[in-house]
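Enquirer: A single structure is presented below for examination.
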Amino acid sequence: MTARLQARYAADVVPALQKQFEYVNPMQVPKVDKIVVNIGLGEALSNAKALDAAVGDLTKIVGQKPIVTKAKRCGTSSTG
């Protein structure tokens, strides 16, 4: 987590959670270890520009370029 988010979490979120759940000790409040952003893009099979647009949108939202991972096999059949 960036320093800006850590400072906001410590200043705003921890006291609010402590009050809401009536934690006595601030160490009882859960902490955030990792944030994962995931997007499913089924329409990329038929529209290649959709993938480029989604990568651009995620780059703006997260501030990092996402890693594009394609499915190993198509999951269109629902046999399970």
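Enquirer: Filter the stretch 26-45 down to the residues that are open to solvent by less than 90 Å² (accessible area, probe 1.4 Å), of a type outside the set (A, V, I, L, M, F, W, C) and in a loop (DSSP other than H, G, I, E, B), then identify the one that is nearest to Lys70 (Cα to Cα).
Expert: It comes out as Gly40.
Enquirer: I would also like to ask the following. Restricting the search to the stretch 46-61, which residues are assigned to a helix (DSSP H, G or I), free of Cβ contacts under 8 Å to residues at least 12 places away in the same chain and closer than 21 Å to Arg73 by Cβ? Don't jump to the end; show me each part of the working.
Expert: Let us first name the residues in the stretch 46-61 that are assigned to a helix (DSSP H, G or I), namely 48-61.
Now narrow it down to the ones that are free of Cβ contacts under 8 Å to residues at least 12 places away in the same chain: 48-50, 52-53, 56-57, 59-60.
Scanning the stretch 46-61 gives Ala48, Ala50.
Enquirer: Of these, Tyr23, Tyr9, which one is out of contact with any Phe, Trp or Tyr (no Cβ under 8 Å at 6 or more places or on another chain), open to solvent by less than 70 Å² (accessible area, probe 1.4 Å) and in a loop (DSSP other than H, G, I, E, B)?
Expert: Numbers: Tyr9 fails: in a loop (DSSP other than H, G, I, E, B).
That would be Tyr23, the only listed residue that is out of contact with any Phe, Trp or Tyr (no Cβ under 8 Å at 6 or more places or on another chain), open to solvent by less than 70 Å² (accessible area, probe 1.4 Å) and in a loop (DSSP other than H, G, I, E, B).
Enquirer: Now for a separate question. From the residues in the stretch 46-80 that are among the hydroxyl-bearing types (Ser, Thr, Tyr) and at pLDDT below 85, which one is surrounded by the fewest Cβ atoms within 10 Å (Cβ to Cβ)?
Expert: The selected residue is Thr79.
The values are calculated or read from the model by the stated rules, or taken from the named source; none is laboratory data. Since this is a predicted model, take the numbers as computed values, not measurements. Neighbour counts are summed over all protein chains in view; Cβ atoms, including those assigned to glycine, are modelled from backbone coordinates with ideal geometry. Just so you know, the surface numbers come from the protein's heavy atoms only, side chains and all, with ligands and any DNA or RNA stripped out. Shrake-Rupley method; radii C 1.70, N 1.55, O 1.52, S 1.80 Å.
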